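Undergrad: One structure follows; several queries about it will come next.
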């Protein structure tokens, strides 16, 4: 009778052990699945962030290096910027840089923000290229330190180039 | 006599049974221990994998953007006009040059000397830039192309900004620009300076 009960207990404990092992393995598999799913999501988000950042950096570098906007070496020319604002349309630039982006250059030699239009030049300090869209989604923008050359006063001012992409 | 033999055999049987039970217990304990060990090894592998993957993730960042940002910041500040017409003080880079080689030079009547003016101008521009974007700690380190040492043997360098950035190892995100080399010819001598910018989050 004792032997039987000992055998039954042994069997029970072995079953319990197997159940515990199965529970642990299932828990580990579920944890791994959750972790890998989270990891994939993180990777996806990181890739999305990297793609957007690459696009922003690409647009920024293009602007800083193009003689249409600068005098070379990321020094923007205020006369060129004002002329582009007055004569070129966003569609023409979108043929080069793609759609869904917005650029703002702000010279920091004046207080506040005075948009540069043909009539305001040179007493202005903000140039916007392609219109800012209020209802755009998934905005991502970065600031770049640049210079703006003031043609009238022959001075170079510290400035910020803000590039934003959206979907 | 026969009853004694039966008792002895019974005693021997219970002894064997006890030994068997003990052995069984020991093997069960060993089995439990090995299961525990297995579980711990699996957990360690899982944690190791997680740490490895997370470590890998933290190295993926906006390296191109940060490099462009810090180098552009150094270049932009150095190219900016100071507002003074003296050839030694026209641009910030001229002012830094003046602060290193002729720190007592005055850019105009009633104007602080080059060293003080360089400090003031750079901190002013960095504050303006910080207000327009985000505030940060910064340090401009100016060293000559050749090694110049003071009497105590320390290399002579001009530091403008937060000196703690130079030695601090605890800053979470410290970015270094490429050294910017600027040269100037004074008389028949050419002088070259290397300027490096270090920035970090405030």
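Undergrad: Do we find a residue being over 26 Å from residue B:70 (Cα atoms) and buried (at least 19 other Cβ atoms within 10 Å of the Cβ) anywhere in the range A:153-165?
TA: Within the range A:153-165 (the criterion being over 26 Å from residue B:70 (Cα atoms) and buried (at least 19 other Cβ atoms within 10 Å of the Cβ)), the answer is no, since none of the residues qualifies.
Undergrad: Are there any strands (runs of 3 or more DSSP E) wholly within the range A:84-167 with 2 or more residues that are free of Cβ contacts under 8 Å to residues at least 24 places away in the same chain and within 11 Å of chain B (Cβ to nearest Cβ), and if so which? Outline the logic, then answer.
TA: Details: elements: A:101-107, A:126-129, A:140-150, A:155-165.
The qualifying strands (runs of 3 or more DSSP E) are A:140-150.
Undergrad: Return the only residue of A:68, A:21 being surrounded by 12 or more Cβ atoms within 10 Å (Cβ to Cβ), without any contact (Cβ under 8 Å) to a residue 40 or more places away in the chain and not in a helix (DSSP H, G or I).
TA: Selected residue: A:68, the only one of A:68, A:21 that is surrounded by 12 or more Cβ atoms within 10 Å (Cβ to Cβ), without any contact (Cβ under 8 Å) to a residue 40 or more places away in the chain and not in a helix (DSSP H, G or I).
Undergrad: On to the next question. Give just the number: which of (1) at pLDDT 80 or above; (2) more than 20 Å from the chain's Cα centre (by Cα) does residue B:152 not satisfy?
TA: Tallying (1) at pLDDT 80 or above; (2) more than 20 Å from the chain's Cα centre (by Cα), residue B:152 fails exactly one: (1).
Undergrad: So residue A:14 clears everything in (1) assigned to a loop (DSSP other than H, G, I, E, B); (2) more than 28 Å from residue A:103 (Cα to Cα) except one condition, right? Which one?
TA: Result: residue A:14 passes all but (1).
Undergrad: Which of (1) without any contact (Cβ under 8 Å) to a residue 12 or more places away in the chain; (2) surrounded by 16 or more Cβ atoms within 10 Å (Cβ to Cβ) is the odd one out, the single condition residue B:107 does not satisfy?
TA: (1)
Undergrad: Go through B:30, B:44 for me and flag whichever is modelled with pLDDT of 85 or more, surrounded by 10 or more Cβ atoms within 10 Å (Cβ to Cβ), more than 9 Å from chain A (Cβ to nearest Cβ) and farther than 30 Å from residue B:124 by Cβ.
TA: After applying the criteria, what remains is B:44.
Undergrad: Considering the range B:71-92 alone, what residues qualify as being more than 11 Å from every other protein chain (Cβ to nearest Cβ) and buried (at least 22 other Cβ atoms within 10 Å of the Cβ)?
TA: Selection gives B:89 alone.
Undergrad: Can you tell me how many residues in the range A:73-97 are surrounded by fewer than 16 Cβ atoms within 10 Å (Cβ to Cβ) and touching a helix residue (DSSP H, G or I) at 6+ places or on another chain (Cβ under 8 Å)?
TA: Going through the range A:73-97 one residue at a time, the tally reaches 2.
The values are calculated or read from the model by the stated rules, or taken from the named source; none is laboratory data. Computed from a predicted model, the values in this text were never measured in an experiment. Backbone-built Cβ (ideal geometry, glycine too); neighbour counts: all protein chains shown.
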